[in-house]
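The structure under discussion appears below in the form of structure tokens.
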Amino acid sequence: MLRSTRTYLLLWAIFAFSFVYRMLLMLWAGFPPGADIGLHNSVIYSITNSGPTDFLYNYYHIGGGVSLTFPGYHIFTAGVMMFTGLPEYIAQATVVCLFSSLTVVCSFLITRKVWSTPAAFIVAFLMAISRFDLEMLLWAGYPNIITLMLIPLTFYLYIQKDRFSGVPFLVSTSILAASLFLTHSLSAAMFGGITVAVALFILLFPKNFDVSRKTVLYWLQSIALGAVLVLPFLVQAVPTYLSEYGSSEITGATLSARVLPLEIVLPLFGVFIAFFVFSKKFYNKTLTLPAFFLSMWVFLPLILTQSYLVGIPVDYNRFMYFLILPILVFIAVLIDYGSTFFAKEINTRLSAAWQPSLKRIATVLTSKRLYSIFILFFLLFSFTTLPIFMTPTLEVGHTIQNFYQAMTPPGWDAIQWAKTNTPSNAVFVADAWYGWWFSGFALRPTLSAVDPQYLTVNREVDNAMFARTLLDTDYVIDNGYIQVRDDGGYIARHNPEILVKQNWTYYPYSFFNFNSENTKIEYQINGRSQPVVSLAELTVKDMLIENDAQQAKITVVRGNDDFNYTFSSTVYRNVRFVNLTSTLTSLHSGVVFNRVHINIETTGFQVHYNNKATIALVETGTKSFGQLIFNTIPENVDLIEDGAPKVVKGIELTYFLDDQPQGEIQMLTGAYSTSNKPSLYTNPASINRAFIQIVIDNLVTALQPMEKDYGWTNFDYRSELQTRNISYVICRLSDTAEAEIMPKFRLDPLFNLVFINEEVSVFRVNGDSGRY
């Protein structure tokens with residue numbers, strides 16, 4: 001009795017440590033870290049809104065619409081908020097820390113059942129400091145945390161079926177299964193898959209496992225009854241999920257960014273085999289129910305990490321979270337067995353020694369003490385060498401917490417301002433990190449600039465891509481072969497930028513960039529030289545995008561009182577080259593142009609070809625090829641080179657305009673993916689041999705259409721803002737990229753600054769800004 005009391009006191013001490021440590025990490029900065037907490041808050045308020053409840057509709061997230069976030073966690077947390085009156089983010093932090101800490105208890109129970117009490121304590125402590133569990137807490141994967149507690153608890157009951165009569169077992173496990181179905185779709189699928197896999201083997205070979213078929217039927221009945229309990233939700237959710245999930249954008253981005261390499265996955269199959277070895281050692285039998293359950297618990301997620309090979313669009317990294325508990329069980333059993341073995345071996349040898357001094361040591365270093373020493377040693381070794389653990393100090397925890405921290409007091413002030421000073425139906429645009437918080441806590445429809453691999457619903461992809469583009473640039477033309485982005489005239493950055501549509505990844509690569517600060521104009525008035533002026537210094541007079549069936553063109557007109565500089569980027573249908581044309585026009589007599597200097601940002605190895613009409617480069621990292629073809633031949637071409645072998649880092653062009661009142665500069669710019677054969681890129685000579693003929697051919701065929709027609713994907717920020725009825729745009733000064741883009745909104749008459757503090761600026765979109 002005393003031993004049992006001590007066992008549970010120690011377990012609850014670990015539980016208390018786990019809960020307090022998690023709460024400290026969550027609220028260290030005043031606000032819980034992670035962006036997804038905003039999504040969860042938007043789901044909670046979408047559920048608790050007055051009127052009929054639709055669990056598959058979110059009024060605020062990514063502009064509002066169909067949602068595939070399962071509502072189990074949110075229903076529970078809404079009840080906690082209602083009964084306790086806690087602030088939303090405090091209630092969410094408390095609930096999720098509680099369930100995360102209960103996972104520690106569940107890991108103890110299941111390990112004690114399948115192995116031993118000492119190993120169970122080791123697992124409980126390891127789970128308390130599991131980096132994967134803590135990081136999921138910090139990036140706010142709350143529903144997944146809930147289900148990662150429910151899965152081992154349900155499996156624990158399954159393994160102990162014989163201790164229960166039929167009705168209590170079915171009631172408890174059916175409720176747990178229903179909770180899984182209602183809370184997290186991927187967890188429900190994993191739980192069902194593992195259970196069905198184990199059940200199938202037992203139904204086929206019951207004698208090998210010493211488990212009756214009747215027991216397995218109880219498992220399957222509990223899953224079926226759990227599905228029945230939430231059947232109204234599943235009947236609505238499953239068709240919606242199948243119709244709304246997995247667009248080509250989501251699939252492409254996921255395959256590009258979320259694939260787990262085999263070198264990470266393959267070693268973990270050793271854990272799958274190790275459980276059968278442990279089973280033989282502990283149960284004197286290779287095939288036992290506990291060992292097989294744990295093995296399937298490892299095997300199925302590992303296999304599914306490679307499901308991209310059959311085109312299943314899912315975040316493959318998520319499967320690793322389901323592996324943590326069985327891997328921790330494996331580590332704990334290994335530590336327990338190793339400590340027991342070494343303690344007995346050393347104590348036996350010391351006791352058998354003939355020297356009196358060694359015998360005295362043996363009386364002090366008993367097997368129990370040696371076992372404790374080895375346990376401590378192996379735990380410290382695990383903390384310092386295995387990346388799946390987080391050293392349990394506030395300093396380390398704060399470092400990780402700070403990495404995921406999205407909300408700050410100035411950011412929160414902006415949210416409170418929006419709740420008070422903007423209409424409830426006002427539509428906002430914000431970055432991904434801040435936008436999810438904003439939509440969930442300001443309760444305003446917010447289009448967040450989220451990468452597609454983090455989305456689930458097709459309607460979210462379009463809104464998120466719009467937000468990403470708006471917060472990056474003003475105009476985009478994409479014909480499927482090449483992409484052009486232009487920031488317009490209010491910031492000197494991409495004016496324009498030529499991007500490769502890479503054939504091996506979803507994300508384009510910037511090959512050539514024209515920064516308006518690096519375009520310099522030399523001119524005279526009545527024979528007197530004027531100060532050299534950069535294109536960025538000129539006033540924006542007009543910006544527009546035009547397109548018809550065969551071409552699309554971005555035009556930006558800048559100028560001063562003396563001249564206009566018109567820059568146009570023309571993309572042709574199914575053509576891999578872009579026509580870039582600069583036109584200089586004097587506005588009064590006496591103005592003549594001397595020179596124009598254009599600096600092009602790029603990187604790559606030069607393909608040497610003795611022809612002043614072209615320059616070609618190859619970027620070996622992305623296997624991309626880019627070429628400039630000069631319709632107007634520059635007087636001087638200077639390459640900015642670095643390293644050995646020399647890599648081109650920039651191209652400086654100088655044009656003489658012969659003191660004329662007008663001038664035109666025209667070039668074709670192309671960039672596209674090439675062969676991925678490593679032999680082509682071994683050295684500059686091999687690059688030249690592989691690409692010299694392409695350079696020559698392009699001089700003739702650059703504007704010839706390619707066979708496949710991808711159509712157009714064009715972006716015009718003005719028309720998009722109007723079409724989507726955008727009311728406000730948020731820029732965060734704490735975000736370097738957004739701080740860089742802020743002049744795009746501050747200087748454009750289409751926007752009006754209505755709120756600013758040290759971190760956040762809010763711009764209202766004017767209903768009718770007029771022309772320039």
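The values are calculated or read from the model by the stated rules, or taken from the named source; none is laboratory data. This one's a predicted model, so the numbers in the text were calculated from it and none came from an experiment. Heads up, the Cβs are rebuilt from the backbone with ideal geometry, glycines too, and the neighbour counts pull from every protein chain shown. Only protein heavy atoms, including side chains, enter the accessible area calculation; ligands, DNA and RNA are left aside. Shrake-Rupley method; radii C 1.70, N 1.55, O 1.52, S 1.80 Å.
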Q) Of the numbered conditions (1) buried (at least 22 other Cβ atoms within 10 Å of the Cβ); (2) under 30 Å from LEU255 (Cβ atoms), MET407 satisfies every one except a single condition; which is it? A) (2)
Q.
Residues that are free of Cβ contacts under 8 Å to residues at least 12 places away in the same chain and open to solvent by 50 Å² or more (accessible area, probe 1.4 Å): does the stretch 54-67 have at least one?
A. yes
Q | strands (runs of 3 or more DSSP E) wholly inside the stretch 391-484 containing at least 1 residues that are of a type in the set (S, T, N, Q) and out of contact with any Leu (no Cβ under 8 Å at 6 or more places or on another chain) | A | 446-449
Q) Just to be sure, is LEU304 open to solvent by 60 Å² or more (accessible area, probe 1.4 Å), within 21 Å of SER185 (Cβ to Cβ) and under 20 Å from the mean Cα position of the chain (by Cα)? A) no
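The rows are residues; the columns are (1) open to solvent by less than 10 Å² (accessible area, probe 1.4 Å); (2) more than 23 Å from VAL198 (Cα to Cα); (3) in contact with a Pro (Cβ under 7 Å, 6 or more places away or on another chain).
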| site | (1), (2), (3) |
| --- | --- |
| LEU109 | no, no, no |
| PRO118 | no, yes, no |
| LEU126 | yes, yes, no |
| PHE132 | no, yes, no |
| MET136 | yes, yes, no |
| GLY141 | yes, yes, no |
| THR154 | yes, no, no |
| ILE159 | no, no, yes |
Q: Search the stretch 298-309 for residues that are farther than 19 Å from THR195 by Cα and pair each with any residue that is open to solvent by 10 Å² or more (accessible area, probe 1.4 Å) when their beta-carbon atoms are under 6 Å apart and the residues are at least 6 apart or on different chains.
A: TYR308/LEU255; TYR308/VAL259
Q: Output the qualifying pairs, or none if there are none: Cβ atoms under 7 angstrom, residues six or more apart or on different chains, first residue in the stretch 481-503 and open to solvent by 30 Å² or more (accessible area, probe 1.4 Å), second residue among the β-branched types (Val, Ile, Thr) and in a strand (DSSP E or B).
A: ARG485/VAL476; TYR490/VAL540; LYS501/ILE482
Q.
Quick check on ALA29: is it open to solvent by 10 Å² or more (accessible area, probe 1.4 Å), among the small types (Gly, Ala, Ser) and without any contact (Cβ under 8 Å) to a residue 60 or more places away in the chain?
A. no
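Given the options ASP709, ASP697, name the one that is acidic (Asp, Glu) and part of a helix (DSSP H, G or I).
On the way: ASP709 fails: part of a helix (DSSP H, G or I).
Of ASP709, ASP697, the one residue that is acidic (Asp, Glu) and part of a helix (DSSP H, G or I) is ASP697.
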Q | Residue among VAL596, VAL637 that is in contact (Cβ under 8 Å) with a residue 24 or more places away in the chain and either open to solvent by 30 Å² or more (accessible area, probe 1.4 Å) or over 20 Å from SER569 (Cβ atoms) (or both) | A | VAL637
Q.
I need the helices (runs of 4 or more DSSP H) fully contained in the stretch 86-149, keeping only those with at least 1 residues that are basic (Lys, Arg).
A. 88-114, 131-138
Q | Some residue of the stretch 44-56 being closer than 29 Å to VAL105 by Cα and in a helix (DSSP H, G or I) | A | yes
Q) Which one is farthest from ILE75 (Cα to Cα) among residues in the stretch 167-223 that are open to solvent by less than 40 Å² (accessible area, probe 1.4 Å) and not in a helix (DSSP H, G or I)? A) VAL211
Q) Counting just the residues of the stretch 504-523 that are in a loop (DSSP other than H, G, I, E, B) and touching a residue at least 60 places away in the same chain (Cβ under 8 Å), which one comes out least open to solvent (accessible area, probe 1.4 Å)? A) THR505
Q) Has the stretch 715-722 got any residue that is more than 30 Å from ASN579 (Cβ to Cβ) and in contact with a helix residue (DSSP H, G or I) (Cβ under 8 Å, 6 or more places away or on another chain)? A) no
Q.
Out of the residues in the stretch 240-250 meeting the condition of being among the polar types (S, T, N, Q) and modelled with pLDDT of 75 or more, tell me which one is most open to solvent (accessible area, probe 1.4 Å).
A. SER243
Q.
Please return the ranges of strands (runs of 3 or more DSSP E) entirely within the stretch 524-578 where 1 or more residues are under 30 Å from ASN698 (Cα atoms) and open to solvent by less than 20 Å² (accessible area, probe 1.4 Å).
A. 551-559, 563-572
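Residues are listed down the side, and each one gets a yes or a no for (1) modelled with pLDDT under 90; (2) crowded, with 21+ Cβ neighbours inside 10 Å; (3) assigned to a helix (DSSP H, G or I):
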{"position": "VAL238", "(1), (2), (3)": "yes, no, yes"}
{"position": "VAL259", "(1), (2), (3)": "yes, no, no"}
{"position": "LEU266", "(1), (2), (3)": "yes, no, yes"}
{"position": "VAL271", "(1), (2), (3)": "yes, yes, yes"}
{"position": "ALA274", "(1), (2), (3)": "yes, no, yes"}
{"position": "LYS281", "(1), (2), (3)": "yes, no, yes"}
{"position": "LEU287", "(1), (2), (3)": "yes, no, no"}
{"position": "ASN317", "(1), (2), (3)": "yes, no, yes"}
{"position": "PRO326", "(1), (2), (3)": "no, yes, yes"}
(Q) Checking SER357 against (1) surrounded by 12 or more Cβ atoms within 10 Å (Cβ to Cβ); (2) in a helix (DSSP H, G or I); (3) at pLDDT below 90: exactly one of these is not met. Which one? (A) (1)
